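Structure first, then comments.
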Amino acid sequence: MEKILIPLLDSDVAPRFDLATDVLVVSFSRETLTMGTIKEKVVVLNNASSEAACRLALSENVRTVICAGIEAEYHDFLTWKGIKVLDDVCGPVDLVLESYLTDALEKGMCFY
Amino acid sequence: MPTLDPAILKWLLPDTDSLTDLLDELPLGVAVMGWDGTLLAVNKTYETLTGADRQSLVGLKCLHGLRCDYCFKGCPVLAGWKKVDARSAEANIISRNRNKVYVRLTISPILGDKGEVRGAVETVSTRATHTLEEGTAGLTGLGNLVGNSPEIQRIFTMVPAIAQTDSSVLITGETGTGKDMLAEEIHNASDRNDGPFIKVNCGALPDTLLESELFGHAKGAFTGADRAKPGRFRMAHGGTLFLTEIGDLPLALQVKLLSFLDDKVIYPLGSTKGFHADVRVIVATHRDLEEMVRQRRFRQDLLYRLNVIRLHLPPLRNRGDDIHLLQDHFLKMFQARFGKKVEGFSANAQALLEGYPYPGNVRELRNLIEYAVNFCDGKQIHTHHLPGYLLRAPAAPSPEPEPEPAGPSAAQPDVRPARTESWEEVQRRMVLDALVKTGGRKRQAAELLGWGRSTLWRKMKHYGID
């Protein structure tokens, strides 16, 4: 079971990691190349902050964070904790997720 | 009142390219957007501030392009124009380089014939990242610089006149004397204070990276250059570029800097197209540049070019009673910051502080007092609240005569090596002490030190504490 975390603004990737109150946590397992199970949940943070989002990523044992703008300090912190950060990604979350699940997502991709 | 003839405007700006060229010359970031916030045009400064190129920005909604906190705080482009007038706000953005940049925004609606909002023009300019620290009221100072000694007062009186010129300034002085702050105060007092203040430490980057960092590079200039980079000179357009540790600038780049100072045009790496950058250059160093010229490690012609105005900041040990003024200033500052009720120093602690030679100058004094306020649990700072190395340090020598700042032929003052290693050891011990006191609980340790968790984490990483 792999987990990813995406800060949300409505149904898009939030432009800022530190200002997102809604965070999507996706758990998925690949059974074959094209088949698998996906579970999604949206966590609402009491106060939007980079620290709260980092705490959530750690407590949920997230493997990858997908976001748009993130400060270097928090990017480095997550990387230090062994979490892969794909930043500077923007677009509707469904397209971003689909791209990630097909191993096509890279830093800096825009889906608008 | 004279009105503008639209035909003349059309003649002046016949197509989008001429409008873009005009916008590119402005020292502010400018974006033209549609009624729904879709970016239609951006200028070079906007590209520089966001770190994104214009091809990737145009067509995006402005909140995804600029990544500004004001988008979430009632920006009329998103929330709707309840009152159709220009708005301005202080905000911050996160650039593609993952830096938080503090900016001043203005958003003005573009109105149609019937008063309907057709679009908006947004301007973005950088602002200083810090406000004046607490406790400067009543002290003699210039911005964040505090001092009452004749040497410092002479510099304070010179700054307003220096700020009004565009001449290059060379600031010399030992480490920790406030060279960076003085450069920023000169910028703040100048007409360029609406423009950016960009600081580059010439000693912090390897030679190969420094050229592209300073002058930028074109797309495809070298392997891995998958996008064009504007460079710090272009980022400083309309403002001030502060090159600290100029003595560490490699000889090859000294030539390029000299060429810029001559014609004010920069050529990004791999590009033949120059950019006219309206930038004032301030440089600083703790090294003896004249000696470096003699050793052929620094170009003499560059020294002459930079040495138009020279300011020398005296070391703390030669500033007489300024040490008391600064002690009080930092004590009040950290009292307020950490919410402690420390009222002063015991006689022994005061004697110890007065007798110490401060090789790290004002920065070292500031750090000592920060340490003491952190560890003081009563109303008075005693010697045991001060770092242990103060007790082992030799007493301060009598103040040495400071040479008059003069032209390039004048001898440089004695530059003593910094005691940064010592302070690093102290800080490492502070972190360890706090962790021991709190049983390894990082949140409590961070609170004890008066730091954020992330600061503690950074320090732990820096000092290799697991």
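The values are calculated or read from the model by the stated rules, or taken from the named source; none is laboratory data. Note that the structure is predicted; figures quoted are calculated from it, not measured. Cβ: placed from backbone, ideal geometry, glycine included. Neighbour counts: every protein chain shown.
Per-residue answers, yes or no, for (1) away from every other protein chain (no Cβ under 14 Å); (2) modelled with pLDDT under 80:
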{"position": "B:417", "(1), (2)": "yes, yes"}
{"position": "B:421", "(1), (2)": "yes, yes"}
{"position": "B:427", "(1), (2)": "yes, yes"}
{"position": "B:440", "(1), (2)": "yes, no"}
{"position": "B:456", "(1), (2)": "no, no"}
{"position": "B:459", "(1), (2)": "no, no"}
{"position": "B:465", "(1), (2)": "no, yes"}
Of all residues being surrounded by 15 or more Cβ atoms within 10 Å (Cβ to Cβ) and among the basic types (Lys, Arg) in the stretch B:338-372, which is farthest from residue B:142 (Cα to Cα)? Just the residue, please. B:340
So which residues in the stretch B:82-102 are in contact with a Phe, Trp or Tyr (Cβ under 9 Å, 6 or more places away or on another chain) and either β-branched (Val, Ile, Thr) or farther than 16 Å from residue B:63 by Cβ (or both)? B:90, B:93, B:94, B:98
Any residue at all in the stretch B:4-20 that is part of a loop (DSSP other than H, G, I, E, B), more than 12 Å from chain A (Cβ to nearest Cβ), within 27 Å of the chain's Cα centre (by Cα) and surrounded by 11 or more Cβ atoms within 10 Å (Cβ to Cβ)? no
Is there a residue being within 20 Å of residue B:93 (Cβ to Cβ) and over 12 Å from the mean Cα position of the chain (by Cα) anywhere in the stretch A:91-106? yes
Just a yes or no: is a residue in the stretch B:325-345 closer than 30 Å to residue B:248 by Cβ, without any contact (Cβ under 8 Å) to a residue 60 or more places away in the chain and not in a helix (DSSP H, G or I)? no
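Considering each of B:80, B:112 in turn, give the residue that is at positive phi, out of contact with any Asp or Glu (no Cβ under 7 Å at 6 or more places or on another chain), of a type in the set (Gly, Ala, Ser) and loosely packed, with under 14 Cβ neighbours inside 10 Å.
Numbers: B:112 fails: at positive phi.
Every option except B:80 fails the conditions.
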Among the residues of the stretch B:336-358, which ones are modelled with pLDDT of 85 or more and within 25 Å of the chain's Cα centre (by Cα)? B:358
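Quick one: which residue in B:316, B:241 is within 25 Å of residue B:181 (Cα to Cα), touching a Gly at 6+ places or on another chain (Cβ under 9 Å) and surrounded by 20 or more Cβ atoms within 10 Å (Cβ to Cβ)?
Working: B:241 fails: touching a Gly at 6+ places or on another chain (Cβ under 9 Å).
Being within 25 Å of residue B:181 (Cα to Cα), touching a Gly at 6+ places or on another chain (Cβ under 9 Å) and surrounded by 20 or more Cβ atoms within 10 Å (Cβ to Cβ) holds for just one of B:316, B:241, which is B:316.
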Of (1) away from chain B (no Cβ under 12 Å); (2) farther than 26 Å from residue B:455 by Cα; (3) of a type in the set (A, V, I, L, M, F, W, C), residue A:23 satisfies all except one. Which? (2)
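Restricted to the stretch A:60-73, and to residues that are part of a loop (DSSP other than H, G, I, E, B) and more than 7 Å from every other protein chain (Cβ to nearest Cβ), which residue is nearest to residue A:91 (Cα to Cα)?
Of the stretch A:60-73, the ones part of a loop (DSSP other than H, G, I, E, B) are A:60-63, A:67-68, A:70-71.
From the residues that got through so far, the ones that are more than 7 Å from every other protein chain (Cβ to nearest Cβ) too are A:60-63, A:67.
Values: A:60: 24, A:61: 24, A:62: 21, A:63: 21, A:67: 10 Å.
Ranking the qualifying residues of the stretch A:60-73, first place goes to A:67.
Might you let me know whether the stretch A:38-50 holds any residue that is crowded, with 21+ Cβ neighbours inside 10 Å, in contact (Cβ under 8 Å) with a residue 40 or more places away in the chain and within 13 Å of chain B (Cβ to nearest Cβ)? Step through it out loud before you land on a result.
To start, the set of residues in the stretch A:38-50 that are crowded, with 21+ Cβ neighbours inside 10 Å comprises A:50.
Next, only the ones that are in contact (Cβ under 8 Å) with a residue 40 or more places away in the chain stay: none.
No, that holds for no residue.
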Name the single residue that is surrounded by the most Cβ atoms within 10 Å (Cβ to Cβ) among those in the stretch B:254-281 being within 22 Å of residue B:310 (Cα to Cα) and either in contact with a Leu (Cβ under 6 Å, 6 or more places away or on another chain) or of a type in the set (Val, Ile, Thr) (or both). B:279
Which pairs have Cβ atoms under 6 Å, sit 6 or more apart or on different chains, and link a residue in the stretch B:206-219 that is under 17 Å from residue B:241 (Cβ atoms) and without any contact (Cβ under 8 Å) to a residue 24 or more places away in the chain to one that is assigned to a loop (DSSP other than H, G, I, E, B) and not acidic (Asp, Glu)? B:213/B:205
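State yes or no: is residue B:127 at pLDDT 90 or above, among the basic types (Lys, Arg) and under 23 Å from the mean Cα position of the chain (by Cα)?
Numbers: at pLDDT 90 or above: no; among the basic types (Lys, Arg): yes; under 23 Å from the mean Cα position of the chain (by Cα): yes.
No; evaluated as a whole, the condition is false for this residue.
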Take residue A:68 and decide whether it is buried (at least 16 other Cβ atoms within 10 Å of the Cβ) and either closer than 24 Å to residue A:111 by Cβ or in contact (Cβ under 8 Å) with a residue 60 or more places away in the chain (or both). yes
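Residues of the stretch B:74-95 being within 13 Å of chain A (Cβ to nearest Cβ) and assigned to a loop (DSSP other than H, G, I, E, B), which ones? Spell out the reasoning first.
Step one: list which residues in the stretch B:74-95 are within 13 Å of chain A (Cβ to nearest Cβ), which gives B:75, B:78, B:91-95.
Answer for the stretch B:74-95, where residues must be within 13 Å of chain A (Cβ to nearest Cβ) and assigned to a loop (DSSP other than H, G, I, E, B): B:75, B:95.
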Exactly one condition in (1) within 18 Å of residue A:112 (Cβ to Cβ); (2) more than 23 Å from the chain's Cα centre (by Cα) is not met by residue B:24; state its number. (1)
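Just to check your reading of the model, which residue among B:411, B:372, B:395, B:406 is modelled with pLDDT under 75 and in the same structural domain as residue B:323 (by TED's automatic domain parsing)?
Working: B:411 fails: in the same structural domain as residue B:323 (by TED's automatic domain parsing); B:372 fails: modelled with pLDDT under 75; B:406 fails: in the same structural domain as residue B:323 (by TED's automatic domain parsing).
One residue alone meets the criteria, B:395.
Only one residue in A:12, A:76, A:88, A:18 is under 25 Å from residue B:456 (Cα atoms), under 13 Å from the mean Cα position of the chain (by Cα) and within 11 Å of another protein chain (Cβ to nearest Cβ). Which one?
Values: A:12 fails: under 25 Å from residue B:456 (Cα atoms); A:76 fails: under 13 Å from the mean Cα position of the chain (by Cα); A:88 fails: under 25 Å from residue B:456 (Cα atoms).
So the residue among A:12, A:76, A:88, A:18 that is under 25 Å from residue B:456 (Cα atoms), under 13 Å from the mean Cα position of the chain (by Cα) and within 11 Å of another protein chain (Cβ to nearest Cβ) is A:18.
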Hey, does the stretch B:58-70 have a residue that's within 27 Å of residue B:17 (Cβ to Cβ), touching a strand residue (DSSP E or B) at 6+ places or on another chain (Cβ under 8 Å), surrounded by fewer than 19 Cβ atoms within 10 Å (Cβ to Cβ) and facing chain A (nearest Cβ under 10 Å)? yes
